[in-house]
Each structure stands twice: as structure tokens, then as C-alpha cells.
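Notes to accompany the following structure.
Readers should treat all values here as calculations from the given coordinates under stated rules, not as data from a laboratory. None of these values were measured; they are calculated from a predicted model. Backbone-built Cβ (ideal geometry, glycine too); neighbour counts: all protein chains shown.
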Amino acid sequence: AFKRDNCKCNRCGLKMDLKDTITVFVKDINDGGGYNFENLISLCSDCNKILNSQNPNSTISNLEVNDKLMFFVES
Ligand SMILES: [Zn+2]
């Protein structure tokens, strides 16, 4: 997942070293998520702290916004 994301944070786009990367599940394992790449994202430690301080619903909506931004940049 880290390489797929080009060594960048999924939330802020900051380029990271592997040691600073935190891989998190988009959907919690306890909530039916799997250990697949689609369910894993890489975050920098700062964004991980921010997301952990928010409720799950706002986390998901933030990620959806990020996905749209990424698509816009790549197209
Ligand atoms: Zn970040």
C-alpha cells in the first residue's frame, strides 16, 4: 500500500519516509474490512493523529474528498 501511494500521505500528500508511515484500514477489520490493498491507506503520523481524533464518519468523507482530488490531479 505504501508503494502504491507513491510514498505519500493519502490525506495531505506529504512525501514520507517508510519509518514515518502509518498504514491504516479504511474499513475496520471488526467492521468487515479485509487485509487487501483497497482497504489500506498510508498516512503520515500527523494525519493519523488527526483522523484518530475524529469520528469514523468524518474520516470516511475526508477520504472520499481526497480520492476525488487525486483523480483530478492525475487526469
Ligand atoms: Zn499527512
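Proximity of backbone amide H atoms, modeled 1.01 Å from N, is registered between THR23 and LEU43 at under 5 Å, excluding neighbours fewer than 5 places apart on the same chain.
Starting with the fewest neighbours, write out PHE37, PHE25 ranked by other beta-carbon atoms found within 10 Å of each beta-carbon.
On the way: PHE37 11, PHE25 15.
With the fewest neighbours first, PHE37, PHE25 line up as PHE37, PHE25.
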